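Chemist: After the structure tokens below, expect a handful of questions from me.
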Amino acid sequence: MEDRLKEIADRHKEVERLMSLPETAADPNAIRRLGREYSQLQHVVELWNTMKRVQVDLEGAEELIADEDDAEVIEMANLESEELKAKLEILNGDIKLELLPKDETEHADAVVEIRAGAGGDEAGLFAAEIFRMYQRYAESRKWKLKMLSENATGVGGIKEVTFEIAGERAYQRLHLESGVHRVQRIPATESQGRIHTSTATVAVLPKAEEVDVEISENDLKIDVFHSGGAGGQNVNKVATAIRITHEPTGLVVQCQNERSQLQNKLQAMEILRSRLWDLELRKRQEEESANRKAQVGTGDRSEKIRTYNFPQSRITDHRIGYTSHQMQTVMGGELDEFIDALLQEEQARKLANSHL
């Protein structure tokens, strides 16, 4: 580990030098990449420097214990030694986490897609509630949410919605929300009082910048059509809706929320770029599936990462066996207890496989 930390300290100095070069200042992409790397390296270097200072203090305390005759001084030095050892253990753990291979997506914003799964109108209503849950969670963390595409049902639900969440480590905190979310409750339309099971699928993608993914216009098939909707002056009069097909992968993105064809195209390209980046990242990651379909499943009732049982006010994440009985607060956007538990499990698994 010591050798790896020395390499990081050397790279930290090199990045600092590169950032001061005139040619770097003239290249916005280079500034962004180097600035991001410098920030990551800076944190590790600061942790290492702190650890070295604590080690020096610990050696001093242990020398005092060995050389001192005064019992009271020895007792104080022993207490200080124990505190320094505990601090050293925490720092060592923090550094090990920082030395884990960094994902390219660590600082990425998130593009979230929610779709109603099995369960008819009730699935659409649940999908809308899941969307509001993430909307409130974003608000609580001072993240910005931007709608990209929405296809609503006529009863207050949604068939599908795509939105962007921009903020500090948005993708990193949300990426484990991907999968099938299952709800068990009595629908408002159920006259017999029977509990129904419905699902919504969530896919969380890292938002790709143009520097991350290059798309050739020759690979795209772009269709323009009339927007659908509940009516109004602009509906079905001007062809502004856009459907983009990426022919090499077969990915299809459709946007019709905006009034202008250009705005819809820009938003569709943003979603497509994120889907392509997600696809490429998954090909490289052995522990994850090679395509988006495996990420969210089919939406069948038997597939699930989390169950929301309303009659018992119980939410269970099946991947880590974590259960909360705070249904209203979780649906109100207080998701940190689940997200923190999932991230801790992911970090522990990575550490176990890292051999640090």
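Chemist: Can you spot a residue in the range 137-145 that is crowded, with 16+ Cβ neighbours inside 10 Å and without any contact (Cβ under 8 Å) to a residue 24 or more places away in the chain?
Modeler: Yes.
Chemist: Okay, next question. Just to be sure, is Thr189 touching a residue at least 12 places away in the same chain (Cβ under 8 Å), polar (S, T, N, Q) and surrounded by 14 or more Cβ atoms within 10 Å (Cβ to Cβ)?
Modeler: Working: touching a residue at least 12 places away in the same chain (Cβ under 8 Å): yes; polar (S, T, N, Q): yes; surrounded by 14 or more Cβ atoms within 10 Å (Cβ to Cβ): no.
For Thr189, the condition - touching a residue at least 12 places away in the same chain (Cβ under 8 Å), polar (S, T, N, Q) and surrounded by 14 or more Cβ atoms within 10 Å (Cβ to Cβ) - is not met.
Chemist: Something else: Could you please tell me which pairs satisfy a Cβ distance under 8 Å, a separation of 6+ or placement on different chains, a first residue in the range 86-109 that is at negative phi and surrounded by fewer than 16 Cβ atoms within 10 Å (Cβ to Cβ), and a second residue that is polar (S, T, N, Q) and modelled with pLDDT of 85 or more?
Modeler: Filtered contacts from the range 86-109: Asp103/Gln172; Glu106/Gln172.
Chemist: Another one. So in the range 297-345, with the set limited to residues that are at pLDDT 85 or above and among the acidic types (Asp, Glu), which one is farthest from Ala128 (Cα to Cα)? Lay out the reasoning, then the answer.
Modeler: Filtering the range 297-345 down to residues at pLDDT 85 or above leaves 304-345.
Keeping just the survivors that are among the acidic types (Asp, Glu) gives 317, 334, 336-337, 340, 345.
Working: Asp317: 20, Glu334: 17, Asp336: 20, Glu337: 22, Asp340: 24, Glu345: 29 Å.
Filtering the range 297-345 for residues that are at pLDDT 85 or above and among the acidic types (Asp, Glu), the one farthest from Ala128 (Cα to Cα) comes out as Glu345.
Chemist: How many residues does the range 86-124 contain that are of a type in the set (S, T, N, Q) and under 30 Å from Thr162 (Cα atoms)? Before you say what the answer is, go through the steps one by one.
Modeler: Pass one, the range 86-124, residues of a type in the set (S, T, N, Q): 92, 105.
Subset that is under 30 Å from Thr162 (Cα atoms): 105.
Here the count works out to 1.
Chemist: On to the next question. Only one of (1) of a type in the set (S, T, N, Q); (2) within 23 Å of Glu7 (Cβ to Cβ); (3) in contact with a helix residue (DSSP H, G or I) (Cβ under 6 Å, 6 or more places away or on another chain) is not met by Asn49, so which one is it?
Modeler: (3)
Chemist: Surrounded by 16 or more Cβ atoms within 10 Å (Cβ to Cβ), outside the structural domain of Ser39 (by TED's automatic domain parsing) and closer than 17 Å to Phe338 by Cα - does that describe any residue in the range 149-160?
Modeler: There is no residue in the range 149-160 that is surrounded by 16 or more Cβ atoms within 10 Å (Cβ to Cβ), outside the structural domain of Ser39 (by TED's automatic domain parsing) and closer than 17 Å to Phe338 by Cα.
The values are calculated or read from the model by the stated rules, or taken from the named source; none is laboratory data. In this text the structure is predicted, and so the values were computed from the model without any measurement. Using ideal geometry, Cβ is built from the backbone for each residue, glycine included, and neighbour counts are taken over all protein chains shown.
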